[in-house]
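Here the structure is laid out as structure tokens; the discussion comes afterwards.
None of the figures in this text is laboratory data; all of them are computed from the coordinates on show. Predicted model only: the values in this text are computed from it and were never measured. So basically every Cβ, Gly included, is an ideal-geometry build from the backbone, and we count neighbours across all protein chains shown.
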Number of protein chains: 2
Amino acid sequence: MEREIIELFTRHLGIQGDLSLGDDAGAIKLGDEWLVATNDMLVRKTDVPDIMTPKQVGFKIVTMNVSDVAAMGAKPLGFLFSLGVPRDIEMDYLEGIAEGIGKALEFYEVPVLSADTNEADDLIIDGIALGRTKRLLTRSGARPGDLVCVTGDIGRALAGLLVWKHGLNVPPSTKKALYEKLLEPRARVREGIELSRIANGAIDISDGLSKELHLLAGMSGVRIEIDARKLPIRGEVREVAEALGLDPIEIALASGEEFELVFTVPEGRADDLRMEFTVIGRVERGDGVYITTDGKRQEMPVLGWEHLGRGAKGTYREMFR
Amino acid sequence: MEREIIELFTRHLGIQGDLSLGDDAGAIKLGDEWLVATNDMLVRKTDVPDIMTPKQVGFKIVTMNVSDVAAMGAKPLGFLFSLGVPRDIEMDYLEGIAEGIGKALEFYEVPVLSADTNEADDLIIDGIALGRTKRLLTRSGARPGDLVCVTGDIGRALAGLLVWKHGLNVPPSTKKALYEKLLEPRARVREGIELSRIANGAIDISDGLSKELHLLAGMSGVRIEIDARKLPIRGEVREVAEALGLDPIEIALASGEEFELVFTVPEGRADDLRMEFTVIGRVERGDGVYITTDGKRQEMPVLGWEHLGRGAKGTYREMFR
């Protein structure tokens, strides 16, 4: 239904910003800079897993939005939020949300510009982030000859979710490493700003690396080749994969809400980036996304957690319930 | 409960923009300009009267936000929105909303920058507007010696609501004039931009002229004196007042969601304003808001529609139901 709604609105929204809808954020030219703006609504009933504390929920609504700003290569400028609050809300829960939002704004050094509160049937938080940059990174910016890179490591969010869903017994240190990423992911703000100097295409990992790579290739009109051996997958993810008889690469490709940045950068310029990242592949002429595993090259499937079986169905977010 | 929630969040939100929360919109300095941002959430169940068509609802969510930008003296730059959509929504209704948002963006010449859709229990639309201005108008900007002015006319929105609520039989031309303002109010964008050159304080009429004047006086630390004879009240409002045995001045002071701009301007500069407006009073040293009616001066009560009796209770918005 989401697609149907998007199509319906797209038909009626004639005037768009200086960048068409469909990127991590919208953007308009403001003098010699770009103003970047994004919004993301969180509905408690469908988007918030019981495992998360309200403070983590509050922090995450800021992270989700700030990450989209970072993926555009922009420095966050300000945050806004609207609350829909049920009459019977527990005030402790709401206080946790407020505390989480406050902590996140401190962490990202972003001021709150405006807030609105209303009565609603379910707790709803709509977060909005603004940012600015001299040079914009987009999903359509990848160029043949670029290296494909990713910040941090991938797979821990989904591996943590699998541990929780299956009540898997793992060592405390493993659980900590996984839950940290699942419950308290952080947006790559410093990296996004650094990337705006040099990178071409960029996207943040909201729905899983495989989906983001397909978006990047499709919107840039290029082919992406990934080398599976280079994917930065931590030992804790491999532990969980082994325990559940799953492929750690599939977990890494399917894991969503990681908020790492996937970006492409001209080969000769990658060394100029003053940040940590991993080269995982190359951009070529053509189309599609391919992955080479153990010398075997194949089209990369668009993976979501639902492909990891065990009876789970629906969206990544629904798995949280 | 709204006040309690606002206090709770205010405790946790340390860093604010270059303007404290509490104005029509938030603002941050961006070079030699101000970037203005505001958000306003609309919940179908509590905020949307049955009398409104979905197209009118869509238009209004843009108007509400653009009006806050105009009240800051800013030119609207962009609009964003988040939708919460129930699974069983009638697609015709949603299409009407989309059409209304689209028409409003054309009307105000504002591009849509970003949109988000989610599943929710009730239809929820969170609108966000951005704007820019060289000079900011605020609720705290009124200065002793200023004239107090208002754009357009006041009272028609509430008079229209009263006609609808009471099933009052009025001539078609009266009904049209009132319903137009009730159902299709327009934000004063051109006037806001013009005012940013000269005016000192400004606020838009969301909750009724009397409430806005009290906010303006309180936040500016001044006294406001209003001359009741000067209030721009149209004949249609007087017709309804007479039919219901009400005071037309009270209707004018209580009428909300009019989206007219109330502003103050140095006496010698008012003639330089290239726009239509009415001078309704003066700013003096001191505090409070006073109104002189038939030579009798008294403190202006903070009026809402609920003071107009007839068994109605709750907020202005609740009266809509």
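Some values worked out for this structure:
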{"item": "Cα-based equivalent ellipsoid of chain B: semi-axis lengths in Å, sorted from largest, via gyration tensor", "result": "29, 26, 18"}
{"item": "All lysines inside 17 Å of A:Lys296 as judged from Cα atoms, apart from same-chain residues fewer than 8 positions distant", "result": "A:Lys230"}
{"item": "Unit charges at the beta carbon, dipole of segment B:165-268: most positive-side option, B:Pro248, B:Val265, B:Thr174", "result": "B:Thr174"}
{"item": "Shielding by partners - mean other protein chain Cβ count within 10 Å, residues of A:74-83", "result": "5"}
{"item": "Projected area averaged over orientations for segment B:227-290, convex hull of C-alpha atoms, nm²", "result": "5.7 nm²"}
{"item": "Whole-Hz couplings from phi, Karplus 6.51/-1.76/1.60, listed for segment B:66-74; x for Gly and Pro", "result": "5, 5, 5, 5, 4, 5, 8, x, 9"}
{"item": "Estimated distance in nm for a label pair at B:Val302 and B:Arg3, the labels positioned 7 Å out from Cα along Cα-to-Cβ", "result": "0.7 nm"}
{"item": "At 7 Å out from Cα toward Cβ: A:Lys230 inter-copy label distances (nm, ascending)", "result": "7.2"}
{"item": "Of A:Ala129, A:Ala243, A:Ala254, the one that fluctuates the most in a GNM where chain A has Cα springs shorter than 10 Å", "result": "A:Ala243"}
{"item": "Highest-fluctuation residue, A:Phe277, A:Phe107, A:Phe79 considered, GNM on chain A with Cα pairs under 10 Å", "result": "A:Phe107"}
{"item": "28 Å Cα-Cα reach of A:Lys45 towards lysines, excluding residues that sit fewer than 8 places from it in its own chain", "result": "A:Lys55, A:Lys60, A:Lys103, A:Lys165, A:Lys175, A:Lys176, A:Lys181, A:Lys211, A:Lys313, B:Lys45, B:Lys60"}
{"item": "Whole-number D in µm²/s for segment A:146-319 (Stokes-Einstein; Kirkwood sum over Cα pairs; 37 °C, 0.692 mPa s)", "result": "201 µm²/s"}
{"item": "Derived scalar couplings ³J(HN,Hα) [segment A:196-206; Karplus, 6.51 cos²θ - 1.76 cosθ + 1.60; whole Hz; x for Gly, Pro]", "result": "4, 6, 10, 5, 9, x, 7, 7, 9, 7, 9"}
{"item": "Cα gyration tensor shape for segment B:2-133, rounded if a/c is under 1.5, else prolate or oblate", "result": "oblate"}
{"item": "Relative exposure of A:Asp88, B:Asp23, A:Asp126, A:Asp116, judged by other C-beta atoms within 10 Å (fewest first)", "result": "A:Asp88, A:Asp116, B:Asp23, A:Asp126"}
{"item": "Overall Cα dimensions of the protein assembly as shown, principal axis frame, Å, largest first", "result": "93, 47, 42"}
{"item": "For A:Leu42, residues with placed amide H under 5 Å, excluding near neighbours", "result": "A:Ile125, A:Asp126, A:Gly127"}
{"item": "Ascending list, in nanometres, of distances separating the A:Arg3 label from those of the other copies (7 Å, Cα toward Cβ)", "result": "5.1"}
{"item": "12 Å reach of a label modelled at B:Ser20, 7 Å along Cα-to-Cβ, counting backbone N of segment B:135-149", "result": "B:140"}
{"item": "Difference of contour (0.36 nm per residue) and Cα-Cα distance, B:Ile51 to B:Glu276", "result": "77.9 nm"}
{"item": "Phi-based couplings in Hz for segment B:144-159 (Karplus 6.51, -1.76, 1.60; Gly and Pro marked x)", "result": "x, x, 5, 8, 9, 10, 9, 7, x, 10, 10, x, 5, 4, 5, 4"}
{"item": "Helix-derived mean residue ellipticity, 222 nm - over chain A, DSSP H n ≥ 4, -39500 (n - 2.57), to 500", "result": "-11000 deg cm²/dmol"}
{"item": "Among B:Thr264, B:Thr117, B:Thr63, residue whose mean-square fluctuation peaks in a GNM of chain B (springs only between Cα atoms under 10 Å)", "result": "B:Thr117"}
